[in-house]
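In what follows, a structure is listed as structure tokens, so that the remarks can point back to it.
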Amino acid sequence: MIQLIPLIGITTSINSIQYEVGNQSVVMLPANYPNAVRKAGGIALLLVEGDEPEEVLDILDGIIFSGGRDIDPILYGQEGVDQTKDVRGTQDEWEINLMRGAIERDLPILCTCRGHQLLCIERGGELHQHLPETKGFENHGATGGKWSNHRVYLEKGSILEGLLGAEILVNSGHHQGVFTAGDLTVVGRTDDGLIEAVELDGMTFLISTQWHPEMTSQDEIFTALIAAAGN
């Protein structure tokens, strides 16, 4: 019997940069994501804005909603502040449709950073738009292209706690954060109380983190994703 290798889709972002010519639209994703998928035993398929969500989901065994730009505040009922920049409504809409379809199919899902925030918005939550100017979170972590580390405390009995333990060290490089998580179950917070991890009751496998496990060598998360995708 042939053992098929799970195919894991990973969302990408379209950005305009200097690439062969000036102001070129380029599909972008840090290589850490596909590298982590391959290391865990899967095959990575990069997903590009505009791909038909249902057709994409038909061929996938699992999906990762990756990090990236800010999300349009209109999606969670707020007006944008000066620090909310580089939003792209077409990407938001495309990823939301992918996310809804993946949840409906009970497809194994991992969300990180932007993906974590988008999941919380889609399930009825809201964001803090700029943590450095949000009371109680002024010293949460690095942002603006810099990185820092802090601890996250995971809820006993959660998928993440079973994989990583009750207390973990994670990275921080985000200026926005989850304020409320809608109907999701909050399973991880920092010392200052920021929601850093959520799961969704009823899903076979859904993990969502504000941090980047692909950068912190938390291989257990990707191994568990591939295992769930292979069932």
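The values are calculated or read from the model by the stated rules, or taken from the named source; none is laboratory data. If you're wondering where the values come from, they're calculated on a predicted model, not measured in any experiment. A quick note on method: Cβ atoms are made from the backbone with ideal geometry, for glycine too, and the neighbour counts reach across all protein chains shown.
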Collect the residues in region 204-213 that are in contact with an Asp or Glu (Cβ under 8 Å, 6 or more places away or on another chain) and surrounded by 21 or more Cβ atoms within 10 Å (Cβ to Cβ), keeping them in residue-number order.
Leu206, Ile207, Ser208, Thr209, Gln210, Trp211
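Each row is one residue, and each column tells you yes or no for (1) at pLDDT below 95; (2) crowded, with 20+ Cβ neighbours inside 10 Å; (3) closer than 23 Å to Leu57 by Cα.
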residue: Leu163; (1), (2), (3): no, no, no
residue: Gln176; (1), (2), (3): no, yes, no
residue: Asp183; (1), (2), (3): no, no, no
residue: Gly202; (1), (2), (3): no, no, yes
residue: Glu220; (1), (2), (3): no, no, no
residue: Thr223; (1), (2), (3): no, no, yes
residue: Ala228; (1), (2), (3): no, yes, yes
Do you know which of the residues in region 165-174 that are free of Cβ contacts under 8 Å to residues at least 24 places away in the same chain and not in a strand (DSSP E or B) is surrounded by the most Cβ atoms within 10 Å (Cβ to Cβ)?
Ala166
Just one of the numbered conditions (1) over 26 Å from Ile96 (Cα atoms); (2) assigned to a helix (DSSP H, G or I) is not true of Val152; which one?
(2)
If you scan region 1-17, which residues turn out to be at pLDDT below 90 and either of a type in the set (Lys, Arg) or in a strand (DSSP E or B) (or both)?
Ile17
Residue check for Gly125: under 22 Å from Gly77 (Cα atoms) and either of a type outside the set (Lys, Arg) or without any contact (Cβ under 8 Å) to a residue 60 or more places away in the chain (or both)
yes
Please work out which residue is surrounded by the fewest Cβ atoms within 10 Å (Cβ to Cβ), limiting yourself to region 86-102 and to residues that are out of contact with any Leu (no Cβ under 7 Å at 6 or more places or on another chain) and farther than 15 Å from Ser13 by Cα.
Arg100
Filter result (closer than 17 Å to Glu220 by Cα, more than 16 Å from the chain's Cα centre (by Cα) and of a type outside the set (Asp, Glu)) within region 160-199
Gly162, Leu163, Leu164, Gly165, Ala166, Ile168, Leu169
Matching strands (runs of 3 or more DSSP E) fully within region 20-101 where at least 3 residues are of a type in the set (Val, Ile, Thr):
21-28
